[in-house]
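Enquirer: Below is a structure I'd like to ask you about.
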Amino acid sequence: MNSSRLPTEPKASIVGSSEVFMKLGSDINITCVVTGHTPPLNVVWYHTTTNAQGEVVRTEITTGDRGGVQLVTDRKQGTSWLLVDRASKPDAGNYTCAPPHTVPAHVTVHVIQGMKFLDVTFTVHAMQDDDVLVFGLLILE
């Protein structure tokens, strides 16, 4: 009996949350990890927004589009980074890491004027060791 496994479809994933809130003027760093790929890996990044007319606009990101944008890809390890200096309102939107022949990954970035975090204390009863509780509260100015 042959115990070899079938190849899996390459898949991209974004490190961290699928939705990120960034303060205006801060730096954006999105990391995409691709598993199941065959080196060398090429990665294409897209930025999707909605224009003033309500139309969805998808643009391929290149370093020449806007100053302060860097694309770095480790083609052997399967990791790609999108770095945006000094985020502005037009930098908000959906970012997609889309290597060819791979399931893409997405993250939504919100760029906000300012934010305050509210410290919240609460008690959780009867949690098991393998239970995970994630709680956060974000208050926007």
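Enquirer: Open to solvent by 60 Å² or more (accessible area, probe 1.4 Å) and over 16 Å from the mean Cα position of the chain (by Cα): does that describe Lys11? Break it down into steps so the answer makes sense when it comes.
Expert: On the way: open to solvent by 60 Å² or more (accessible area, probe 1.4 Å): yes; over 16 Å from the mean Cα position of the chain (by Cα): no.
No.
Enquirer: Kindly indicate the residue of segment 51-76 that is open to solvent by 70 Å² or more (accessible area, probe 1.4 Å), modelled with pLDDT of 90 or more and under 18 Å from the mean Cα position of the chain (by Cα) and also nearest to Gly25 (Cα to Cα) among those meeting that condition.
Expert: Gln70
Enquirer: I'm trying to understand the selection: among the residues of segment 94-104, which are open to solvent by less than 30 Å² (accessible area, probe 1.4 Å) and modelled with pLDDT under 95? Steps first, please.
Expert: So the first thing to find is which residues in segment 94-104 are open to solvent by less than 30 Å² (accessible area, probe 1.4 Å), and the list is 95-99, 102.
Ala98, Pro99, Thr102 - these are the residues of segment 94-104 that are open to solvent by less than 30 Å² (accessible area, probe 1.4 Å) and modelled with pLDDT under 95.
Enquirer: Just checking, how many residues over segment 82-93 are open to solvent by less than 80 Å² (accessible area, probe 1.4 Å) and either free of Cβ contacts under 8 Å to residues at least 40 places away in the same chain or on the phi < 0 side of the Ramachandran plot (or both)?
Expert: Selection size over segment 82-93: 8.
The values are calculated or read from the model by the stated rules, or taken from the named source; none is laboratory data. If you're wondering where the values come from, they're calculated on a predicted model, not measured in any experiment. With ideal geometry, Cβ positions are generated from the backbone for all residues, glycine too; neighbour counts draw on all protein chains shown. These area figures cover heavy atoms from the full protein model, side chains too; ligands, DNA and RNA do not enter into them. Shrake-Rupley method; radii C 1.70, N 1.55, O 1.52, S 1.80 Å.
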